[in-house]
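The values are calculated or read from the model by the stated rules, or taken from the named source; none is laboratory data. Keep in mind it's a predicted model, so treat the numbers as computed, not measured. Reconstructed Cβ throughout: ideal geometry from the backbone, glycine too, with neighbour counts over all protein chains shown. With ligands, DNA and RNA removed, areas are computed over all heavy atoms of the protein, side chains included. Shrake-Rupley method; radii C 1.70, N 1.55, O 1.52, S 1.80 Å.
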Amino acid sequence: MEQSIKVMLTDDHAVVRSGLGRLLEQNEGIQIVGEAESGEQAYQTFPEIRPDVLVMDMSMPGMGGLEAMRRILNRWPQARIIMFSMHENATFAIQSMTSGALGYVAKSGHAEDLVKAVREVAQGRSFLSSDMAQKVALQSLTGGDNPAQKLTSREFEVFRLLAEGMLVEEIALSLNIGHKTVANYQTSLKQKLGINSPVDLVRLALKYGVINEH
């Protein structure tokens, strides 16, 4: 008998985790072996659980999914990670895949997408649902100043938090890095993206759907 694919789920909502768990375990050969409710917890428990596939929510309080993925891949480069995100947005998909995710699945997509993603990623193959793949292809053709294609995952996370109106102190606390480091990222963002003011930054973030208009 084939071995089950061992999956770990990371999402800050318990309801989402239990729903995902049920959805995945209805499929033969997929087994949930661990859960985490934050990026920090995923990073801490990953080595004990050693899943074949880690499904990671992108937007969580504290260390977000991108930052947690960056740290996990730094220590365990073989980790196979699927970003599971509420953003049906090419910018987030491009950033996730260039940062090392093997799969990107929008929460609003078909349930089948996540099952397919788990099976593909477990084999070491990448997976984007067809509608996401189409958006990514379109944006790659047109996105000259798309922030996702210029920034590292750390810069992108700082960019997103600044655009959401967080202060340097709050970002430093959230990502667990020094104020000076955040200020340095701020400077490199201005240079890379050619922006001079917070207004420019927010405008660019809105243009590419990095933040939504509230």
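The figures follow:
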read-out: Every residue from segment 35-57 that is open to solvent by 10 Å² or more (accessible area, probe 1.4 Å) and either of a type in the set (K, R) or within 17 Å of L114 (Cβ to Cβ) (or both); value: E35, R50, P51, D52
read-out: Residue in segment 144-187 that is farthest from E40 (Cα to Cα), counting only those that are modelled with pLDDT of 85 or more and β-branched (V, I, T); value: T187
read-out: Single unsatisfied condition, H179 versus (1) touching a Pro at 6+ places or on another chain (Cβ under 7 Å); (2) closer than 24 Å to R71 by Cα; value: (1)
read-out: Pairs with Cβ under 7 Å, 6+ apart, first in segment 73-99 and within 14 Å of E157 (Cβ to Cβ), second β-branched (V, I, T) and assigned to a loop (DSSP other than H, G, I, E, B); value: T91/V210
read-out: Helices (runs of 4 or more DSSP H) wholly inside segment 1-89 that include at least 3 residues being of a type in the set (G, A, S); value: 14-25
read-out: Those residues of segment 181-193 which are out of contact with any helix residue (DSSP H, G or I) (no Cβ under 8 Å at 6 or more places or on another chain) and among the small types (G, A, S), in sequence order; value: none
read-out: Selection count, segment 43-92, where residues are over 13 Å from the mean Cα position of the chain (by Cα) and among the small types (G, A, S); value: 2
read-out: First in segment 104-117 and within 19 Å of A137 (Cα to Cα) and of a type in the set (A, V, I, L, M, F, W, C), second anywhere and at pLDDT 90 or above and not in a strand (DSSP E or B), Cβ under 8 Å, 6 or more apart; value: V105/D113; V105/L114; V105/A117; A106/D113
